[in-house]
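Down below is the structure, laid out as structure tokens.
The values are calculated or read from the model by the stated rules, or taken from the named source; none is laboratory data. Remember, predicted model here, so these are calculated numbers, not experimental data. Glycine also receives a Cβ, built like all others from the backbone with ideal geometry; neighbour counts cover every protein chain displayed. Each accessible area value is taken on the protein alone, full model and side chains, heavy atoms only, with ligands, DNA and RNA left out. Shrake-Rupley method; radii C 1.70, N 1.55, O 1.52, S 1.80 Å.
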Amino acid sequence: MSDAKMVNIPSMNVGRIIETLKDAYCAIINAGQKLQLLPSVMLWGPPGVGKSQAIRQLAMEIEKNTGKRTVVTDVRLLLFNPIDLRGIPTDRWG
């Protein structure tokens, strides 16, 4: 496994993030497969660039394209110690 470096982490605008993730999640959900098939995604950027709004919009797109209800849980990792992150909900379709 290679180390993640800034040179190999793709940079995307908010619209492309929403479209890319929507396509991936909807394909998995509509195929009846488990979401764990997709790798975790971390949105990283300065405050105010639209990360939270992008996730809310992504949830609406998933609902519209799959007919599944989506729930967004906003977790600000800076507010937690690593031990606190156990038990964070991940998938309600599996």
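The single condition from (1) open to solvent by less than 60 Å² (accessible area, probe 1.4 Å); (2) modelled with pLDDT under 90 that R92 fails is (1).
Output the residues belonging to segment 42-65 that are modelled with pLDDT under 90, exposed (fewer than 13 other Cβ atoms within 10 Å of the Cβ) and within 16 Å of K22 (Cα to Cα). Matches in segment 42-65: M42 only.
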